[in-house]
Amino acid sequence: MKIKGGALLKLKALIVDDEYPARQELRYALSKIDNVEIIGEAANAQEALTLIKALDYSVLFLDIAMPGMNGLDLGAVVQELPNPPHVIYVTAYDEYAVKAFDVNAVDYVLKPIDEKRLRKAVNKVLKLVRESGNGAQTCAQAEQGLRIGRLPAEKNGKTVLVNEADIVYIFTEGDAVYVKTFADRYLLRFTLKELEARLNPTVFFRTHRCFIVNLHKVKEIIPFFNGTYSLVVEDKERSEVPLSRAQAKKLRRILGF
């Protein structure tokens with residue numbers, strides 16, 4: 001669906017589910033829908049509320065059976081917030097459907113996820129946004145939310161909002177993505193590609209397929225081998241971030257060396 005001016009209407013989405021495999025399955029299914037951009041994930045209601053209050057989401061994909069506050073209770077709380085996001089429940093239990101609609105859920109999708117059914121639920125949200133006449137406003141608000149200069153991350157089971165100015169570099173390790181500050185590192189629920197789109201491109205640079213660096217935190221550039229370099233950064237360990245040969249050409253143009 002496009003909005004006035006021909007731009008594709010993107011729904012900024014938050015996935016809330018206490019099971020990591022379920023979040024991954026839903027993320028994969030949503031990645032096939034052009035109108036959805038997954039901005040964050042949460043493993044429980046408290047994490048979700050922290051993220052919802054920090055960023056403007058268009059739609060929440062909520063599980064119901066979660067420890068502590070369940071998805072229905074979270075849905076009720078969300079409705080009391082200013083400019084609440086739309087809610088789609090994604091759950092293995094069909095007996096909660098009536099209660100879900102009592103808290104103004106847009107739709108109720110059963111697990112295992114049927115991609116056509118999921119797309120139908122997303123289309124309902126898109127229709128509501130279009131009919132409300134604020135599709136462009138929704139996109140603008142979401143973009144503003146992305147520019148607040150803070151990145152949701154996880155450490156010791158808690159959601160932490162990391163100031164972008166404190167980020168030294170971001171890297172992958174196995175299947176996980178981490179953000180490194182001066183003395184700590186935090187787990188992220190984004191891919192490097194998603195982070196490239198989210199972070200300020202004049203500050204954050206993709207140095208390598210596994211690394212993004214804050215150029216304001218680079219202290220030294222050391223030639224390494226065959227046109228590659230190492231970037232010494234301002235963290236506690238004075239870490240060295242690799243700079244590939246292809247990206248070195250781009251960085252040399254940016255820095256003029």
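I'd like the residue in segment 166-186 that is farther than 18 Å from Leu231 by Cβ and touching a residue at least 24 places away in the same chain (Cβ under 8 Å) and, out of all such residues, is farthest from the chain's Cα centre (by Cα).
Per the stated criteria, the residue is Ala183.
Looking at segment 198-218, which of its residues are of a type in the set (S, T, N, Q) and surrounded by 13 or more Cβ atoms within 10 Å (Cβ to Cβ)?
Restricting attention to segment 198-218, the residues satisfying the condition of being of a type in the set (S, T, N, Q) are 200, 202, 207, 214.
Result: Thr207, Asn214.
Can you say whether Met1 is at pLDDT below 95, surrounded by fewer than 21 Cβ atoms within 10 Å (Cβ to Cβ), hydrophobic (A, V, I, L, M, F, W, C) and under 24 Å from Arg189 (Cα atoms), as far as the supplied structure shows? Full working, then the answer.
Numbers: at pLDDT below 95: yes; surrounded by fewer than 21 Cβ atoms within 10 Å (Cβ to Cβ): yes; hydrophobic (A, V, I, L, M, F, W, C): yes; under 24 Å from Arg189 (Cα atoms): no.
Spelling it out, it is not the case that Met1 is at pLDDT below 95, surrounded by fewer than 21 Cβ atoms within 10 Å (Cβ to Cβ), hydrophobic (A, V, I, L, M, F, W, C) and under 24 Å from Arg189 (Cα atoms).
Give just the number: which of (1) touching a residue at least 60 places away in the same chain (Cβ under 8 Å); (2) open to solvent by 60 Å² or more (accessible area, probe 1.4 Å) does Arg189 not satisfy?
Result: Arg189 fails condition (2) only.
Taking segment 219-241 as the region of interest, how many residues are without any contact (Cβ under 8 Å) to a residue 40 or more places away in the chain, open to solvent by less than 40 Å² (accessible area, probe 1.4 Å) and in a strand (DSSP E or B)? Even if it seems obvious, please write down each step before you answer.
To start, the set of residues in segment 219-241 that are without any contact (Cβ under 8 Å) to a residue 40 or more places away in the chain comprises 219-232, 237-238, 240.
Restricting the remaining residues to those that are open to solvent by less than 40 Å² (accessible area, probe 1.4 Å) gives 227-228, 230-232.
The next check asks that each one be in a strand (DSSP E or B); those that pass are 230-232.
Final tally of qualifying residues: 3.
The values are calculated or read from the model by the stated rules, or taken from the named source; none is laboratory data. None of the values given here were measured: they were computed from a predicted structure. Heads up, the Cβs are rebuilt from the backbone with ideal geometry, glycines too, and the neighbour counts pull from every protein chain shown. We work out accessible area using only protein heavy atoms, side chains counted, and drop any ligands, DNA or RNA first. Shrake-Rupley method; radii C 1.70, N 1.55, O 1.52, S 1.80 Å.
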